[in-house]
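Q: Following this message is one structure expressed as structure tokens.
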Amino acid sequence: MGRYSIKDLEKISGIKAHTIRMWERRYQLIRPQRTDTNIRYYSDCELRRLLNIAILNHNGIKVSHIAEMSDDEIRSRVLDISLDSRLTNVQVENMMVSVLELDEIKFSNALRTAILKYGFESTVETVLLPFLERVTILWQAGTVRTVQGYFINSLVRQKLFVAIDNEMQNGPKQGPRICIFLPEFEKMEIEPLMYNLIARKEGLEVIYLGMPISGDDLCAINRLKPCDIYMTSFFSPVSKEKLEKWMKELRDLFPDTPFLITGTKVREMDPSMPTGFTHIPTIKAFKEHLRLLKYSEYSY
């Protein structure tokens, strides 16, 4: 059973802590428990209830009205809303609930609904990445169990592998060669897989390594198949100093090859980057960079 602080609830739900406290005092919408040392915490049940309340409130239902609903009524209204994908935050919140409940069907339905409404790439940016960032925050804080992290990682990877396999059926690509890999200290593979799929759709030849790779391993791979560009992602906890040091080591190993860097941690820390390193904040920026690469006849 998870134990969540009010700051955890704020990060997961997007509702400010002072608002949660007000709802707690005025409407008794959630009820904290206390440890033996009188420290307040919230259970999995209270977190799920808050996420459902957030869905209803984001869709125009007043908190005073929600407070009068039974748990069954709240769940029923959330189910009705989840069938309408007009607002992506509903899908994110439904996915969060699915993680806490290890509910594969609920997760798949939320993701499928968003893809049908917005398309794959828009869903990645507006639904899936914000959702993964919330999960990562919880994982780092220790409030989402490892098994729940594995659960969601497995589900998303399955769907991306199917999409990548379908794209590969279109035959070999003739464009520039991109190598997508994870650094040694990275554990989250989802974002690199997304860019793997998009690069293939853009006509690039992709060498996807997936597993965490050292600089020496990357040199060995480059000797076998030199690449026109490299890409990596930073999603898991890492210090700014370690990130900057690692990029400098790569620059020393590959002084003339461009690198694309993406991931939550890069956006958060805004590290200093060596010459030839480019931060890719969005899928649109990635696609524009790839088109520039193709038009430049594979050379910078």
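Q: Enter the angle in degrees (range 0 to 90, nearest 10) between the Cα long axis of helix 71-82 and the first principal axis of the Cα atoms of the chain, meaning the one along which they spread out most.
A: So the inclination is approximately 40 degrees.
Q: Tell me the accessible surface of Cys179 in square angstrom (1.4 angstrom probe, heavy atoms of protein chains only), to the nearest ten.
A: Looks like 0 Å² after rounding.
Q: Further question: At 1.4 Å probe size, with every protein chain present, just tell me what the per residue accessible area of the chain comes to in Å².
A: Ligands and nucleic acids excluded, the result is 49 Å² per residue.
Q: Each label point is 7 Å from the Cα along the Cα-to-Cβ direction; what then is the distance between the points at Thr275 and Phe185, in nm?
A: 2.6 nm
Q: About the Cα centre of segment 1-74, how large is the charge dipole given +1 on each Lys and Arg Cβ and -1 on each Asp and Glu Cβ? Please answer in debye to the nearest 20.
A: Dipole size: approximately 380 debye.
Q: Mind listing the long-range amide H neighbours of Gly210? Cut-off is under 5 Å, sequence gap 5 or more, other chains count too, H placed in the peptide plane at 1.01 Å from N.
A: Excluding prolines and chain starts, which carry no amide H, the hits are Leu182.
Q: What FRET efficiency comes out for the pair Ser239/Ala285, r = Cβ-Cβ distance, R0 = 22 Å, nearest 0.05?
A: 0.30
Q: Using heavy-atom solvent-accessible surface (probe 1.4 Å) with all chains present, what is the largest-first order of Thr113, Thr37, Thr232?
A: Thr37, Thr113, Thr232
Q: So how tilted is helix 17-27 from the main axis of the chain? Cα-based, degrees 0 to 90, rounded to 10.
A: Value to nearest ten degrees: 20.
Q: Between Ser76 and Met168, what FRET efficiency follows from the Cβ-Cβ distance if R0 is 45 Å, with the result rounded to 0.05?
A: Step by step, r from the Cβ atoms, then E = 0.60.
Q: Given R₀ = 22 Å, what would the calculated FRET efficiency be for Tyr295 paired with Lys225, taking r from the Cβ atoms and rounding to 0.05?
A: 0.45
Q: Moving on to the next point. What size of dipole, in debye to the nearest 20, comes out for the chain about its Cα centre when the only charges are +1 on Lys and Arg C-beta atoms and -1 on Asp and Glu C-beta atoms?
A: So the dipole magnitude of the chain works out to roughly 620 debye.
Q: Using a 1.4 angstrom probe and counting only protein chains, how large is the accessible area of Tyr118 in Å², to 10?
A: We get 70 Å² for Tyr118.
Q: For log10 I(q)/I(0) by the Debye sum over Cα atoms at q = 0.10, 0.11, 0.16 Å⁻¹, one of [x] -0.62, -0.73, -1.26; [y] -0.70, -0.80, -1.19; [z] -0.77, -0.88, -1.23 was computed from the structure I shared and the rest are decoys. Which label?
A: [x]
Q: Can you give me the C-alpha center-to-center distance between segment 1-61 and segment 152-227, rounded to a whole angstrom?
A: The distance from the Cα centre of segment 1-61 to that of segment 152-227 comes to 39 Å.
Q: Normalised by the number of residues in the chain, what is the relative contact order in percent for Cα pairs under 8 Å and 6+ residues apart?
A: 12 percent
Q: Right, something else. State log₁₀ I(q)/I(0) for segment 21-125 at q = 0.11, 0.12, 0.20 Å⁻¹ as given by the Debye formula over alpha-carbon point scatterers of equal weight, solvent excluded.
A: Each listed q corresponds, in turn, to -0.38, -0.45, -1.03.
Q: For the chain, with all protein chains present and a 1.4 Å probe, just round the carbon and sulfur fraction of the accessible area to a whole percent.
A: Taking all protein chains in place, the chain shows 50 percent carbon and sulfur surface.
Q: Here is a follow-up. With point charges of +1 on the Cβ of Lys and Arg and -1 on the Cβ of Asp and Glu, referenced to the Cα centre of the chain, which listed residue (Phe181, Gly263, Ile55) lies farthest in the positive direction of the dipole?
A: Of the options given, the answer is Ile55.
Q: For Lys265, list the lysines whose Cα falls under 25 Å from its own Cα; do not include residues on the same chain fewer than 8 positions away.
A: Output for Lys265: Lys7, Lys11, Lys16, Lys159, Lys187, Lys240, Lys242, Lys245, Lys248, Lys284, Lys287.
Q: In addition: Enter the angle in degrees (range 0 to 90, nearest 10) between the Cα long axis of helix 129-141 and the first principal axis of the Cα atoms of the chain, meaning the one along which they spread out most.
A: Taking the Cα atoms of the chain, the angle to 129-141 is about 70 degrees.
The values are calculated or read from the model by the stated rules, or taken from the named source; none is laboratory data. No experiment lies behind these values; they were computed from the predicted model shown. Cβ sites come from the backbone with ideal geometry, for glycine too, and all protein chains shown count toward neighbours. Surface areas here come from the heavy atoms of the whole protein model, side chains and all, with no ligands, DNA or RNA. Shrake-Rupley method; radii C 1.70, N 1.55, O 1.52, S 1.80 Å.
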